[in-house]
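Peer 1: Quick one: structure below, then a few questions.
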Amino acid sequence: KRAPIASLPGIDHLSIDGAVEEAGIAQSLGIPAVLLFGLPAAKDELGSGAYDDEGVIQLATRAIKAAHPDLLVIADLCLCEYTSHGHCGVLRADGVVDNDQTLELLARTAVSQAEAGADAVAPSDMMDGRVGALRGALDEHGLSETPIIAYSAKFASAFYGPFREAADSAPAFGDRRGYQMDPANAREAVKEARLDEDEGADVLMVKPALPYLDVIRRIRDSTELPIAAYNVSGEYAMIKAAAAQGLIDERAAVLEALTGIRRAGADIVITYHAKDVATWLR
Ligand code: PBG
Ligand code: ZN
């Protein structure tokens, strides 16, 4: 594989021990939470690594919580890192994602992640009705205290490239436009956020962040829930690449970009710049 332009801190093929160490560094810098993505040893049609109680996320969650109990562990909840075809759900014979069968597997995954000790689950699949399905499954298993951080407005974006490279999760065929949102449609994003709130979401997320500041603001103005914004891998890589070429001042550019995300209305910012920023702001 070709070398990535910028490595993604905390994403690039860490071992479980490596993840525990990264988590410890994050915590010592004052970062309150980490978001975990799993890269299983083997992928299959049904993404079974996602809901395996001994899966990579479950093992990492247990290990991180044992070593750093006060650091919040958020488990990203999706099938695309675990499916051989790279889609976020189970495929029907015609190659289209089967929404309802996927919901069952996502619910199993949420319960397994929460039982492993995840402080919150963050569904990033964009299936219809998932927040309600997850809330129901968690409650049934005595996990009513586990919050759901819903990727409510997740756009079909070109800025996910470096992540897909790292997680080897680019769809083997087709694209994700059947379930991710149209970048041109802001009203739909507000509607999706409202649906997630009605289904029981505890935090609403917008992803990516910088091309969608207006969406962050619109959702901010339409709810009392906390809003998270995910400054994704391509946004990170652009700044890193430009700074590496001496075109911009990295520190000033990062702080300006993240300030813009906060100004737009995000209460929580998820970013690969976290360790750098925490160091600069000490
Ligand atoms: C999919 C998922 C994506 C990312 C993480 N999980 C988007 C996608 O591949 O469609 C991207 C994160 C990033 O770019 O930093 N569930
Ligand atoms: Zn996915």
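Peer 1: Can you give me the number of residues within the stretch 142-192 that are farther than 19 Å from residue 226 by Cβ, assigned to a loop (DSSP other than H, G, I, E, B) and in contact with a helix residue (DSSP H, G or I) (Cβ under 6 Å, 6 or more places away or on another chain)?
Peer 2: Qualifying residue count for the region: 2.
Peer 1: Within the stretch 76-123, can you find the residues that are among the hydroxyl-bearing types (Ser, Thr, Tyr), within 12 Å of ligand 1 (Cβ to nearest atom) and surrounded by fewer than 22 Cβ atoms within 10 Å (Cβ to Cβ)?
Peer 2: Once the filter is applied, which keeps residues that are among the hydroxyl-bearing types (Ser, Thr, Tyr), within 12 Å of ligand 1 (Cβ to nearest atom) and surrounded by fewer than 22 Cβ atoms within 10 Å (Cβ to Cβ), the stretch 76-123 yields nothing.
Peer 1: Considering only the stretch 252-275, how many residues are assigned to a helix (DSSP H, G or I), touching a residue at least 60 places away in the same chain (Cβ under 8 Å) and open to solvent by less than 20 Å² (accessible area, probe 1.4 Å)?
Peer 2: Total meeting the criteria: 0.
Peer 1: Something else: Looking only at the stretch 52-75, count how many residues are surrounded by fewer than 23 Cβ atoms within 10 Å (Cβ to Cβ) and more than 15 Å from the chain's Cα centre (by Cα). Spell out the reasoning first.
Peer 2: Filtering the stretch 52-75 down to residues surrounded by fewer than 23 Cβ atoms within 10 Å (Cβ to Cβ) leaves 52-56, 59, 62-63, 65-72, 74.
Still in the list and also more than 15 Å from the chain's Cα centre (by Cα): 52-56, 59, 62-63, 65-71.
Going through the stretch 52-75 one residue at a time, the tally reaches 15.
Peer 1: Next question, about the same structure. Mind telling me which of the residues 50, 67 ends up being more than 16 Å from ligand 1 (Cβ to nearest atom) and either more than 18 Å from residue 143 (Cα to Cα) or touching a Phe, Trp or Tyr at 6+ places or on another chain (Cβ under 6 Å) (or both)?
Peer 2: One residue alone meets the criteria, 67.
Peer 1: So, one more: Among the residues of the stretch 187-204, count how many are among the aliphatic types (A, V, I, L, M) and either surrounded by fewer than 17 Cβ atoms within 10 Å (Cβ to Cβ) or at pLDDT below 85 (or both). Before the answer, list the steps.
Peer 2: At the first step, the residues of the stretch 187-204 found to be among the aliphatic types (A, V, I, L, M) are 189-190, 193, 195, 201, 203-204.
Still in the list and also either surrounded by fewer than 17 Cβ atoms within 10 Å (Cβ to Cβ) or at pLDDT below 85 (or both): 195.
Summing the residues that are among the aliphatic types (A, V, I, L, M) and either surrounded by fewer than 17 Cβ atoms within 10 Å (Cβ to Cβ) or at pLDDT below 85 (or both) in the stretch 187-204 gives 1.
Yes/no matrix, rows are residues, columns are (1) open to solvent by 60 Å² or more (accessible area, probe 1.4 Å); (2) at pLDDT 95 or above:
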position: 177; (1), (2): yes, no
position: 209; (1), (2): no, yes
position: 214; (1), (2): yes, yes
position: 218; (1), (2): yes, yes
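The values are calculated or read from the model by the stated rules, or taken from the named source; none is laboratory data. Bear in mind that the values here come from a model prediction, so they are computed numbers and not experimental data. Cβ: placed from backbone, ideal geometry, glycine included. Neighbour counts: every protein chain shown. Remember, those area values only see protein heavy atoms, side chains included, never the ligands or the DNA or RNA. Shrake-Rupley method; radii C 1.70, N 1.55, O 1.52, S 1.80 Å.
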